[in-house]
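Please read the structure below before turning to the comments.
What follows draws every value from the coordinates through simple rules; no lab data is involved. Source: prediction; values computed, not measured. Methodologically, a virtual Cβ is constructed for each residue, glycine included, from the backbone with ideal geometry; neighbour enumeration extends over all protein chains shown.
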Amino acid sequence: MKRLAMALAISLVPGLCQTPPSLEAKAGKPAFLKLKPLKEKQIDAVTAQAAQPRAEGTHRPIEVRSLDKGTWKKLSGGVNIWRLGIESPGAAGLRVHFSGFDAGAGKLWLHAQAGQGKPEVAGPYSGKGPYKDGDFWSDVVFSSSIIIEYQPAGSARKVPFRIPEISHLIRR
């Protein structure tokens, strides 16, 4: 609970939420990791166990090699970014579990694909994350598909984190 309160406080501090570089550059869609839709039986099992109907969800494992689907892109001005989209059909929102996170002065954002209006953005996250231990859950992005965007501080071409799972939020 303490970690959740801290994450919410960090996400609400003015100036910490910056626009990801790819949205500024209108870089288009990255490669997407598309998960299979949850079966109705899986959704029913989650809702049957939920203590509060508005806080339902399930964790979905992400294969280690899935990060290999992310792509590097050089934006105008020489900014390098790595992006990967994750789609979990039927989700009301998504959270991402990061482990081994060590971005140093680099920055990582999560956001919904740009469309009408300003997209919802979580981050930036940097260093070893909000708890300084390399392990954390991102804020929620209320969309069934998100883009994870990493901007290294230097010329690094390797992502400094793992994604063992996501949280698929279900609205009933």
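Net charge around H111, counting only other residues with Cβ within less than 9 Å of its Cβ (Lys, Arg = +1; Asp, Glu = -1)? Mind dumping the intermediate values first?
Details: positive: none; negative: E120, E149.
Surrounding charge for H111 is -2.
Please rank W109, W137, fewest neighbouring Cβ atoms within 10 Å first, as an exposure proxy.
Ascending Cβ contact count within 10 Å gives the list W137, W109.
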